[in-house]
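Quick one: the structure is below, questions incoming.
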Amino acid sequence: MTGSFCWYELVTSDAAAAEAFYAKVADWTMRDSGQATPRYTLASAAGRDVAGIMTRPCDDAPPMWLGYVAVADVDAVAASFEAAGGSIEKPPADIPGVGRFAVVTDPQGTMLTVFRGEGEPSVAPGTPGHVAWHELNARDGAAAFDFYHKQFGWQKGMAMEMGPMGVYQIVTDGTKDIGAIMTNAAAPAPYWLYYIQVDSIAAASERITEAGGTIANGPHEVPGDNWIVQAIDPQGAMFALVGPRG
């Protein structure tokens, strides 16, 4: 669906080590995509591909997760990002047999990918191993929402007051809640954080530390009888988990 997240990609300093880490933590099954250079690994859960993992193309780029948002016209959206104060990090290009993409940043410097192609079909909410939530930690949450509303048509859902942290603004794609946008002035830089669904936060938290990752925040209880934990993988990429406490 246009305006919805449809894919996720980890660009890291050591793809093989990252594959082993997420296979243990998220219970992902890994397989080579067949792309020779650079190696691109497909991670799957519940019989469907979830994400791609690859070694970063240059050493000065930090390990990070990138979300892909489905759009009707990659070139037009990339140009619109730039015209509205963002930038184009990687110009529109085709992926043979897959689709067309461009890597862009919003005006506050947060990176994501816009994509036109088949993508992966949606799964039932709560399916383990799939990304269940998307959270933008912005310099200015209100300005960020206005920007993405104009770019993707995202709409406001429920807003939750978080005291000194401000408003946690739920975002919908017109049919369902897809995540939230908030102001996080304490972060070194604005970023998107992606939450992977797990069966048990307690068990998954243990797997994070056993596999060499670091828990940065949590576990914490959140609405919906769920718990979350925010973490950093061994290569330095931030990610998060959501699920029952277990």
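Would you check which residues across the stretch 116-155 are open to solvent by 50 Å² or more (accessible area, probe 1.4 Å), more than 27 Å from Asp94 (Cβ to Cβ) and of a type in the set (S, T, N, Q) and list them?
Passing the criteria: only Gln155.
Would you check which residues across the stretch 1-22 are farther than 24 Å from Val114 by Cβ and surrounded by fewer than 16 Cβ atoms within 10 Å (Cβ to Cβ) and list them?
Answer for the stretch 1-22, where residues must be farther than 24 Å from Val114 by Cβ and surrounded by fewer than 16 Cβ atoms within 10 Å (Cβ to Cβ): Asp14, Ala16, Ala17, Ala20.
While we're looking at this one, here's another question. Do you know which of the residues in the stretch 24-68 that are surrounded by 15 or more Cβ atoms within 10 Å (Cβ to Cβ), outside any strand (DSSP E or B) and among the aliphatic types (A, V, I, L, M) is nearest to the chain's Cα centre (by Cα)?
Ala26
Being open to solvent by less than 60 Å² (accessible area, probe 1.4 Å), assigned to a loop (DSSP other than H, G, I, E, B) and either closer than 22 Å to Leu42 by Cβ or of a type in the set (A, V, I, L, M) (or both) is the requirement here; does Gly174 meet it?
Spelling it out, it is not the case that Gly174 is open to solvent by less than 60 Å² (accessible area, probe 1.4 Å), assigned to a loop (DSSP other than H, G, I, E, B) and either closer than 22 Å to Leu42 by Cβ or of a type in the set (A, V, I, L, M) (or both).
Turning to a different aspect of this structure: Restricting to the stretch 192-240, give me the number of residues that are of a type in the set (A, V, I, L, M, F, W, C) and in a strand (DSSP E or B).
14
Which residues, counting only those in the stretch 156-171, are at pLDDT 90 or above, surrounded by 14 or more Cβ atoms within 10 Å (Cβ to Cβ) and in contact with a helix residue (DSSP H, G or I) (Cβ under 8 Å, 6 or more places away or on another chain)?
Once the filter is applied, which keeps residues that are at pLDDT 90 or above, surrounded by 14 or more Cβ atoms within 10 Å (Cβ to Cβ) and in contact with a helix residue (DSSP H, G or I) (Cβ under 8 Å, 6 or more places away or on another chain), the stretch 156-171 yields Gln169, Val171.
The values are calculated or read from the model by the stated rules, or taken from the named source; none is laboratory data. Keep in mind that this is a model prediction, so the values were computed, not measured. No Cβ is skipped: glycine too gets one built from the backbone with ideal geometry, and neighbour counts run over all protein chains shown. Ligands, DNA and RNA are excluded from the accessible area calculation, which covers all protein heavy atoms including side chains. Shrake-Rupley method; radii C 1.70, N 1.55, O 1.52, S 1.80 Å.
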